[in-house]
Amino acid sequence: MIPVLDLRGRTPGVRELRATLPRAELDVEAAVTTVRPICDDVAARGADAVLDASERFDGVRPTSLRVPADVLAAALDDLDPEVRSALEESVRRARIVHEEQRRVTTTTTVAEGGTVTERWVPVDRVGLYVPGGVAVYPSSVVMNVVPALIAGVGSIAVASPPQKDFGGWPHPTILAACALLGVEEVWAMGGAQAVAAFAHGLDDLDPVNLVTGPGNVYVAAAKRLLKGLIGIDAEAGPTEIAILADATADPEHVAADLISQAEHDPLAAAVLVTDSPELAEAVAAAVERRVATTKHSERVTTALTGRQSAVVLVDSVDVGLDVVNAYAAEHLEIQTADAGAVAARVRNGGAVFVGAWSPVSLGDYCAGSNHVLPTGGCASHSSGLSVQSFLRGIHVVEYSEAALREVGAHVVTLARAEDLPAHGEAVIARLPELA
């Protein structure tokens, strides 16, 4: 079912691996062309453009873009007690992990009388995107809101697609998760139009400084297009799982984990990298058997047979490490002998899951880690969502006269070397003897 890429007998470099490894055919750059007119329309026409796009893409035109407070409250009141308990545990664990990420102010004495202080200041306002297309993601509410709250963000807005089955509001479980976390500003809008509305603002929606959250390739494309006008966390598009496994791995575990991510989206990527042909065969058999009985069989089959998924055969775990580092997966599982030592050698990955008892689905919900992670190879240069995503480091410089006098001549010299004499003259105005 899953295509096979045989790299045995070869030691391809990073350039070849980037060109060879499976990726989705519809990438973010290609989707930018599609979302540009949508984003431009929202900038020009505001709420009407968002409503038109909702009618076109979601099949429903909400009576109001902002979700009323009583709808939020009712969603929480009606939430299944077991789901509420699970969400509360997810929130508790996320708080434990994310509380440890909060950076503190540091002051460095560079010279006597000269200090540089770094203050970490939260962004003023954020727009948090929660998907709601082929699946429902209250867990993404947790993953977005918890770090924003811990960072101290003062104004939080959540957007999620309207659902025609729920009167044009986002899915009630998403609304309940927002209410559980105390989020009062929730908007019934999805896709590129939601990102554009956050970026440009609407008559009753103040623009945000930062947009975070996962979504499909069109959400990721809108974030790329509007980056600069807004900050973004990363381009979190269709999900990816890569598993580096050897002969010690349980093929049932591997197959179940590949399928677990493939059910997200027909464009989801599932990649197994192994030096064991026997494991690959056993996984293939397990996948075929499990796909036949899983609820979203058609969606999973499309994802697993697509060009974005593959079984990659390599000569050794060492070569496999080179492959997964070049691939830079959103989620990377290490199911090998001495998995901890192998995982310590991973350089590129949104999140790494170590050993047989750490499936990606644990991280999706209740590990305490964040599941909003970079995709499409962006894990080679970007991090997953964290408290730091909502903070800015501001340098505060304070020098006394004596401290400036000590270093002033060097400032003047460097200013002249760069042919920016006015820079030096700003120091000379204070210390005329340096002229």
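The values are calculated or read from the model by the stated rules, or taken from the named source; none is laboratory data. For clarity, every value in this text was computed on a predicted model and none was experimentally measured. In this analysis, Cβ positions are derived from the backbone assuming ideal geometry, glycine residues included, and neighbour counts consider all displayed protein chains.
Here are the numbers for the structure shown:
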read-out: Strands (runs of 3 or more DSSP E) wholly inside the range 125-196 containing at least 1 residues that are surrounded by fewer than 21 Cβ atoms within 10 Å (Cβ to Cβ) and among the basic types (Lys, Arg); value: 125-129
read-out: Search result, residues across the range 301-340 that are among the hydrophobic types (A, V, I, L, M, F, W, C), within 19 Å of residue 360 (Cα to Cα) and surrounded by fewer than 20 Cβ atoms within 10 Å (Cβ to Cβ); value: 337
read-out: Members of the range 10-20 found to be part of a loop (DSSP other than H, G, I, E, B) and closer than 22 Å to residue 243 by Cβ, listed by number; value: 10, 11, 12
read-out: Test: residue in the range 21-35 that is more than 20 Å from the chain's Cα centre (by Cα), in the same structural domain as residue 171 (by TED's automatic domain parsing) and assigned to a helix (DSSP H, G or I); value: yes
read-out: Test: residue in the range 402-420 that is touching a residue at least 24 places away in the same chain (Cβ under 8 Å), outside the structural domain of residue 125 (by TED's automatic domain parsing), farther than 28 Å from residue 263 by Cβ and of a type in the set (Asp, Glu); value: yes
read-out: Verdict on residue 288 being among the acidic types (Asp, Glu) and within 28 Å of residue 342 (Cα to Cα); value: no
read-out: Selection from the range 335-369 of residues that are in a helix (DSSP H, G or I) and within 19 Å of residue 385 (Cβ to Cβ); value: 360, 361, 362, 363, 364, 365
read-out: Residues that are surrounded by 13 or more Cβ atoms within 10 Å (Cβ to Cβ) and assigned to a loop (DSSP other than H, G, I, E, B), drawn from the range 64-80; value: 64, 65, 67, 79
read-out: Verdict on residue 50 being under 27 Å from residue 187 (Cβ atoms) and either touching a Cys at 6+ places or on another chain (Cβ under 9 Å) or buried (at least 17 other Cβ atoms within 10 Å of the Cβ) (or both); value: yes
read-out: Hey, residue 225 outside the structural domain of residue 65 (by TED's automatic domain parsing) and either under 22 Å from residue 373 (Cβ atoms) or of a type in the set (D, E, K, R) (or both) or not; value: no
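Yes/no per residue for (1) touching a His at 6+ places or on another chain (Cβ under 7 Å); (2) among the basic types (Lys, Arg); (3) assigned to a helix (DSSP H, G or I); (4) not assigned by TED's automatic domain parsing to the domain that holds residue 132:
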residue	(1), (2), (3), (4)
266	no, no, no, yes
272	no, no, no, yes
283	no, no, yes, yes
289	no, yes, yes, yes
295	no, yes, no, yes
302	no, no, yes, yes
312	no, no, no, yes
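Here's the yes/no breakdown for (1) in contact (Cβ under 8 Å) with a residue 60 or more places away in the chain; (2) surrounded by 24 or more Cβ atoms within 10 Å (Cβ to Cβ); (3) touching a Cys at 6+ places or on another chain (Cβ under 6 Å); (4) not aliphatic (A, V, I, L, M):
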{"site": "224", "(1), (2), (3), (4)": "yes, no, no, yes"}
{"site": "239", "(1), (2), (3), (4)": "yes, yes, no, yes"}
{"site": "273", "(1), (2), (3), (4)": "no, yes, no, no"}
{"site": "280", "(1), (2), (3), (4)": "yes, no, no, no"}
{"site": "285", "(1), (2), (3), (4)": "no, no, no, no"}
{"site": "288", "(1), (2), (3), (4)": "yes, no, no, yes"}
{"site": "293", "(1), (2), (3), (4)": "no, no, no, yes"}
